[in-house]
Amino acid sequence: MFHSELRALFLARFGHEPTLFGIAPGRVNLIGEHTDYNDGFVFPGAIDRGLYIAARVVEGKSHVVSKQMGDGESFDASSVVPGGGMTSWSKYPAGMAWALRSHGELPNIEAYIDSDIPIGSGVSSSAAIEMAFGVVWNMFAGLGLTNRELAKLGQVCENQFVGVNSGIMDQMASAMGKEGRAMFLDTRTLDIAYAPVPNGVSVVLCDTKKPRALTDSAYNERRSQCEEASQILGVSKLRDADVADLEGAKPKMSDVVYRRARHVITENERCIQFKEALDAGELEKAGKLMRASHVSLRDDYEVSCRELDEMADAAAAAPGCIGARMTGAGFGGACVALVHDESLEVFRAATLSAYDKATGLGGEAMACCLVDGARIVSSLP
Ligand code: GLA
């Protein structure tokens with residue numbers, strides 16, 4: 001269906017047919033927040049809101065257009081390097097081109113993207129852009145990279161070109177998603193254990209409609225605080241410390257650094273326990289772990305905000321809810337809830353009405369299906 005629309009948009013804009021189509025999904029994280037850059041555990045899934053791309057190889061520079069964000073700056077995929085001061089969304093495809101060039105020469109392309117990933121909701125539209133351009137260039141240049149390798153290059157792009165010190169969760173979720181399954185991911189080894197969402201349970205994204213704000217600087221600050229904590233603890237990453245280590249080192253840390261480390265260390269434990277609870281069908285336990293995750297992100301890591309707290313509370317109190325928490329980097333965006341299928345409609349109504357009453361904002365609640373990761377969909381002759 002999207003082929004014909006995207007093809008028409010491409011044709012109208014560039015005056016030629018595209019030769020390749022790709023798709024890269026957004027993601028939702030069930031639990032394990034702000035653990036990935038500490039080599040810890042995360043539990044995301046790719047969702048049925050995606051970014052679609054049509055492209056063709058051209059002479060001259062690369063031109064990229066987004067239906068939602070407009071024209072990006074043009075760039076030369078064969079020579080673009082970090083530090084060029086790009087201001088538009090082109091920094092994601094340009095950064096991907098730069099990262100991919102460590103594996104071979106790249107052609108320039110014309111590309112048109114269209115997306116139904118809610119922007120600013122913390123479901124990772126940027127990683128989806130990186131993975132969409134990743135699969136397209138991988139194919140055009142015959143690089144033969146796996147999706148796991150593309151995810152790693154997406155993180156290189158994000159860290160060294162875009163300038164956000166993010167972990168690898170978003171790119172791995174968008175690249176390696178599997179239909180009907182969430183992925184328990186060890187971000188140190190990149191080993192994945194896929195786990196089905198229990199029968200009769202839906203993953204619901206509860207969007208606060210409060211766009212994420214000031215995330216980049218606050219995000220990088222949290223990361224530095226984690227690095228300070230690991231230095232004091234004498235470990236390479238917080239993944240390698242436990243609560244007893246942390247309590248022993250408490251006198252050597254500021255209160256803020258102690259609380260940041262406490263979040264990460266306990267969140268890693270919660271992520272492992274959540275996986276065990278799902279495997280054992282212990283939904284009540286899984287729900288409690290989601291709540292504890294939200295409280296820890298709110299009080300110790302301080303990345304929640306009033307709207308996320310209100311949404312998490314509204315969702316948790318609504319009929320049919322197993323558990324709810326903020327998802328993604330925080331400071332706005334969305335909560336994720338696990339909800340019994342038969343209560344979906346009443347859950348949605350109760351959550352949104354309580355949220356609106358508390359904030360005056362009309363939020364949105366979307367049940368999501370978990371889907372396969374980024375891929376080429378088909379090529380036209
Ligand atoms: C953002 C980053 C991820 C991860 C989350 C928080 O989405 O891109 O790497 O750190 O925040 O869990």
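The values are calculated or read from the model by the stated rules, or taken from the named source; none is laboratory data. Not measured: the values here are computed from a predicted model. Glycine gets a Cβ as well: all are built from the backbone with ideal geometry, and neighbour counts include every protein chain shown. Note: accessible area is taken over every heavy atom of the protein model, side chains too, but ligands, DNA and RNA are not part of it. Shrake-Rupley method; radii C 1.70, N 1.55, O 1.52, S 1.80 Å.
Assorted remarks:
- Gain on full stretching of the segment that runs from LEU344 to ALA218 - 0.36 nm per residue minus C-alpha separation: 41.9 nm
- Cα-based helix-to-principal-axis angle, 283-299 vs the chain, degrees rounded to 10: 80 degrees
- Charged-residue dipole, Cβ positions (Lys, Arg, Asp, Glu), the chain about Cα centre, Debye nearest 20: 260 debye
- Comparing ALA318, ALA55, THR351 along the charge dipole axis of the chain, the residue lying farthest to the positive side is ALA55, per the Cβ-charge model.
- Beta bridge orientation in the chain: antiparallel %, DSSP, nearest 5: 95 percent
- Springs join every pair of Cα atoms under 10 Å in this Gaussian network model of the chain, and among ASP309, ASP186, ASP299 the largest mean-square fluctuation is at ASP299.
- Angle between the chain longest axis and helix 255-279 axis [Cα atoms, degrees, rounded to 10]: 80 degrees
- Dipole of the chain, positive end: most advanced residue of GLY144, VAL64, GLN231 [Cβ charges, Cα centre]: VAL64
- Links that overshoot a 19 Å alpha carbon limit, given the list LYS210/LYS357; LYS61/LYS91; LYS288/LYS357; LYS91/LYS237; LYS91/LYS210; LYS67/LYS210: LYS288/LYS357; LYS91/LYS237; LYS91/LYS210; LYS67/LYS210
- Taking the average, over residues, of other Cβ atoms within 10 Å as the packing measure, peptides 232-244, 134-146, 312-324 rank 312-324, 134-146, 232-244 from highest down.
- Using 0.36 nm per residue and subtracting the Cα-Cα separation, the extra length available between SER236 and LYS250 on full extension is 3.3 nm.
- Around ILE232: net Lys/Arg minus Asp/Glu count, Cβ-Cβ under 12 Å: 0
- Here the Karplus curve 6.51 cos²θ - 1.76 cosθ + 1.60, taken at θ = phi - 60°, turns the phi angles of segment 217-222 into couplings of 5, 5, 5, 4, 5, 4 Hz, with x standing for Gly and Pro.
- Å² of accessible area per residue within segment 201-368, as computed with a 1.4 Å probe and no ligands counted: 41 Å²
- Residue among GLY360, ALA8, TYR194 farthest towards the positive dipole end of the chain, charges placed on Cβ: ALA8
- Each residue of segment 325-337 was assigned a 3J(HN,Hα) from its phi angle through the Karplus curve 6.51 cos²θ - 1.76 cosθ + 1.60 (θ = phi - 60°); the sequence is 7, 5, 10, x, 5, x, 6, x, x, 10, 9, 10, 10 Hz, with glycine and proline shown as x.
- Cysteines in the chain lacking any other cysteine Cβ under 4.7 Å from their own Cβ: CYS157, CYS226, CYS271, CYS305, CYS321, CYS368, CYS369.
- Net charge dipole, segment 289-381: roughly 140 debye, given to the nearest 20, about the Cα centre with Cβ charges of +1 for Lys and Arg and -1 for Asp and Glu.
- D_trans [Stokes-Einstein, Kirkwood Rh over alpha-carbon pairs] for segment 201-368, 4 °C, 1.567 mPa s, µm² s⁻¹: 78 µm²/s
- When the P(r) is computed for segment 156-240, the part past 22 Å accounts for 48% of the Cα-Cα pairs.
- Taking every alpha-carbon pair within the chain, the share separated by more than 29 Å comes to 42 percent.
- With θ taken as phi - 60° and the Karplus curve 6.51 cos²θ - 1.76 cosθ + 1.60 applied, the whole-hertz 3J(HN,Hα) list for segment 348-364 is 4, 5, 5, 5, 5, 6, 5, 5, 5, 4, 7, 10, x, 9, x, x, 9 Hz, x standing for glycine and proline.
- Mean residue ellipticity at 222 nm, helices only, the chain: -13000 deg cm²/dmol; runs of at least 4 DSSP H residues each add -39,500 (n - 2.57), and the sum is divided by the number of residues.
- Full extension of the chain segment joining GLU282 with GLN160 gains 39.8 nm, where the gain is 0.36 nm per residue of separation less the Cα-Cα distance.
- Largest first, the three principal axis extents of the alpha carbons in segment 53-181 are 41, 30, 27 Å in whole numbers.
- Scaling against 2.2 N^0.38 Å puts the C-alpha radius of gyration of segment 10-50 at 1.91.
- A 1.4 Å probe over all protein chains sorts VAL256, VAL203 by accessible area into VAL256, VAL203, starting with the largest.
- Fraction of accessible area attributable to carbon and sulfur, the chain (%, probe 1.4 Å): 50 percent
- Charged-residue dipole, Cβ positions (Lys, Arg, Asp, Glu), segment 201-368 about Cα centre, Debye nearest 20: 300 debye
- 0 to 90° range, to nearest 10: angle between helix 2-14 axis and the chain longest Cα axis: 50 degrees
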